[in-house]
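Working notes for the structure below.
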Amino acid sequence: MESATQQKRLVWSWAFYDWANSAFATTVIAGFFPLFFKQYWSSGFSSTQSTYVLGITNSLASFSLALLLPILGAIADAGGKRKRFLGFFTLVGAGASVALCFLGPGQWEWAAALFAIGLIGFSGALPFYDALLLNVTSSRHFDRVSGLGYAMGYLGGGVLFAANVWMYLHWGADGVRYSFLTVGCWWLLFSLPLFKFVPEDKCNSKMGLKATIQLGLSQLWSHILKLKRERALLLFLVGYLFYIDGVNTIIKMAVDYGLSIGLEPTDLIKALLLVQFVGFPAAVIFGFLGERFSPLLGIWICLFIYLGVTVYAYNLHTSFQFFILAAVIGLVQGGIQSLSRSYFARLVPKQESAQYFGFFNMIGKFSAILGPLLVAQVGYSLDSSRAGILVLVIVFVVGGALLYSSSRASPRLQN
């Protein structure tokens, strides 16, 4: 009984980090930053100009992370310092969120810079958090535990976002600014269970920082060469690059898109709340689906729905249609993210998990470069936000084709 109790504590302590950091994903990334940036910090810009700046900011931050994450993962694996790196990036992200509270109107350069720093903190923590999944459960339960993490993220992010929406509706711009402050505090507070209870594999080496970095870089190069020989795994990662590109772009640009086509800000915020509370049970259900049948089946279901969502978004005209869109996205957003994470966890050795998840999250960051850039550039060039969003059909189709090729290349990847 004691062992079962300890196991549950490990799982819930790990999952609470999703509850903690998802406040940044909902309130800052998806919700109030795009809204506030367009209407407050860059109020003199045209709709397509502010979209362009937001897209470029997302892309530059993601590019920086894409270069750093595999190296950081290699160093963390070599030195046994995953929780230290996780703590560092958590402090960076939470600090940037708090700093946004103190910016005034028209300070779009500072807003963009702090948003980029916050994105680096949020995304830089993920490979170290993801890698700790292997320390809290067995491979048999990866899908369920990964799904629990995303479900906790939707619920935790939704609870704080609901409070932040109340602040916005009652206090206006001040409510939005103070919401950034609450995000930083929430993130730090609910990260504590992970740092207290989740164990990290001890590193017996007495190497200093320089030797650890050298070993990490050496192992990184070794795994790059190994990855080139793993055709099925390589195809999966490239396919993941494309389809998660569409997912991340929709998350980051949905509110901006709604504003650009003339929808009311309050309706867009309410729709984001709907995503959170639909996403909570949906992520749990997809976790059980992956464990009972196959994570690949769940990923395929999500991909087909995302294709339909993109075409639907192109033809969207009313707030009611945006609510329908939000509900459908809520059903599949957590599912495709959690199943991709648990599917990948099956393929990597535990002792090198941070490095492999560095690759995995690097792919996610590269995808977050291409999508916002395509949406921003196509929308700006054609002076049509609808044309920009429609380009995401291509990334979902290419991602699905490569995922299919990966599953055909190795039968073990179909389980």
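The values are calculated or read from the model by the stated rules, or taken from the named source; none is laboratory data. Computed from a prediction, not measured in an experiment: that's the story for all the values here. Here Cβ is always computed from backbone atoms with ideal geometry, including for glycine, and neighbour counts include all displayed protein chains. When the accessible area is computed, the model is the full protein with side chains, heavy atoms only, and any ligands, DNA or RNA have been set aside. Shrake-Rupley method; radii C 1.70, N 1.55, O 1.52, S 1.80 Å.
I need every pair where a residue in segment 260-286 that is without any contact (Cβ under 8 Å) to a residue 60 or more places away in the chain has its Cβ under 9 Å from the Cβ of a residue that is open to solvent by 40 Å² or more (accessible area, probe 1.4 Å) and polar (S, T, N, Q), sequence separation at least 6 or different chains.
If the second residue must be open to solvent by 40 Å² or more (accessible area, probe 1.4 Å) and polar (S, T, N, Q), the pairs left are Leu263/Thr318.
Results for (1) assigned to a helix (DSSP H, G or I); (2) more than 30 Å from Ala23 (Cβ to Cβ); (3) at pLDDT below 75, shown as yes or no for each residue.
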| position | (1), (2), (3) |
| --- | --- |
| Ile224 | yes, yes, yes |
| Leu227 | yes, yes, yes |
| Leu233 | yes, yes, no |
| Tyr240 | yes, no, no |
| Val247 | yes, no, no |
| Ile285 | yes, no, no |
| Phe288 | yes, no, no |
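Which residue pairs have Cβ atoms closer than 8 Å, lie 6 or more positions apart in sequence or on different chains, and pair a first residue in segment 304-327 that is in a loop (DSSP other than H, G, I, E, B) with a second residue that is of a type in the set (A, V, I, L, M) and open to solvent by less than 30 Å² (accessible area, probe 1.4 Å)?
Final answer for the pair search is Leu316/Leu325; Thr318/Leu263.
Keeping to segment 40-54, report how many residues are modelled with pLDDT of 75 or more and either on the phi > 0 side of the Ramachandran plot or open to solvent by 10 Å² or more (accessible area, probe 1.4 Å) (or both).
3
With the structure loaded, tell me whether Phe280 is open to solvent by 20 Å² or more (accessible area, probe 1.4 Å), among the hydrophobic types (A, V, I, L, M, F, W, C) and under 18 Å from the mean Cα position of the chain (by Cα) or whether it fails that test. Can you show your working first?
Numbers: open to solvent by 20 Å² or more (accessible area, probe 1.4 Å): yes; among the hydrophobic types (A, V, I, L, M, F, W, C): yes; under 18 Å from the mean Cα position of the chain (by Cα): yes.
Yes, satisfied.
Quick test for you: out of Thr57, Thr27, pick the one residue that is at pLDDT 75 or above and within 15 Å of the chain's Cα centre (by Cα). Working first, answer last.
Values: Thr57 fails: within 15 Å of the chain's Cα centre (by Cα).
None of the others qualify; the one that does is Thr27.
Look through segment 364-406, keep the residues that are within 18 Å of Phe236 (Cα to Cα) and at pLDDT below 70, and return whichever of them is surrounded by the fewest Cβ atoms within 10 Å (Cβ to Cβ).
Phe366
Could we say that Ala125 is surrounded by fewer than 21 Cβ atoms within 10 Å (Cβ to Cβ) and within 25 Å of Phe180 (Cβ to Cβ) here? It would help to see each step written out before you state the result.
Numbers: surrounded by fewer than 21 Cβ atoms within 10 Å (Cβ to Cβ): no; within 25 Å of Phe180 (Cβ to Cβ): yes.
For Ala125, the condition - surrounded by fewer than 21 Cβ atoms within 10 Å (Cβ to Cβ) and within 25 Å of Phe180 (Cβ to Cβ) - is not met.
Among the residues of segment 128-136, is there at least one that is out of contact with any strand residue (DSSP E or B) (no Cβ under 9 Å at 6 or more places or on another chain) and open to solvent by 30 Å² or more (accessible area, probe 1.4 Å)?
Residues of segment 128-136 out of contact with any strand residue (DSSP E or B) (no Cβ under 9 Å at 6 or more places or on another chain): 128-136.
From the residues that got through so far, the ones that are open to solvent by 30 Å² or more (accessible area, probe 1.4 Å) too are none.
No, that holds for no residue.
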